[in-house]
Amino acid sequence: MMHQGQCSPDGTQETGRVMKRDRHTPSASVTPLGHPKSQDSLPVFLFPTELVFYAQERSSHRRVLTFYNPYSFVLRFKVLCTAPALYTVVEAEGNVRARSCVDIVVRHQDPSPRNWGRRDRFRLEVSGGGQRGTREIWAELKGSEGGEKPLETPRGGAVSPASFSATLPPGVLSPDRGRDPSLFALYVIVGLACITVLMLPLHSEPSPLVPVHVHVTVMQKLVCAYILGLLTMVFLR
């Protein structure tokens, strides 16, 4: 059963074609957003990289964050945010099994004109395998859909959708062609390939089932997870 958590004052199962979706213990509340307690050493795979809500589109008041655990150990996570009166977070705290993923639903509670243009911050704190990691994303409420903002890369830099799309087959990230039936198979193939890479073990993780030459690096997983996030944005448009 899904339980609903309220953001603290300060401070998802569709990829299941390949990856498993996990069930985890929900949280009744979210702790305040403060400084990380220790130095991060664990890359966190959370997508999309930004939450955009549109006041005049009711369907956009609910957004989904997908948290991937490509590691061989269980991860515990907690969602923190800075605006308790504006957002409700479902499944704000719990565990994700190895090589699984969960969906975290975020709902905007007050899309009134007084909040148009407001930007708030969410943080996902993760721990497992003796390591910790954090990932921060921005949430923004817009009056209506329009304009294209730069997207954040997995390493925290900025890249525009136009420049990133140049590295992929033509049309993959084009919102105008997102419903073209001829591209659907390409979307599925690219998505499944990325999910497969996310399931492969890292070079530092021994596996009796997977040959060493197909082990991947953290950077390769980051790139694949980022592409999955972009594909998700295309399907949602």
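For the reader, a short list of remarks on this structure follows.
- With a simple spin-label model that places each label point 7 Å from the Cα along the Cα-to-Cβ direction, the separation between Val74 and Arg58 comes to 4.0 nm.
- Distance between the modelled labels on Val105 and Val214, one decimal in nanometres: 3.6 nm (7 Å Cα→Cβ projection).
- Stretching the chain fully between Asn95 and Thr196 yields a gain of 34.2 nm (0.36 nm per residue, less the alpha carbon separation).
Where a number appears in this text, it was derived from the coordinates with a stated rule and is not lab data. Computed from a predicted structure; not experimentally measured. Cβ atoms come from the backbone with ideal geometry, glycine included; neighbour counts cover every protein chain shown.
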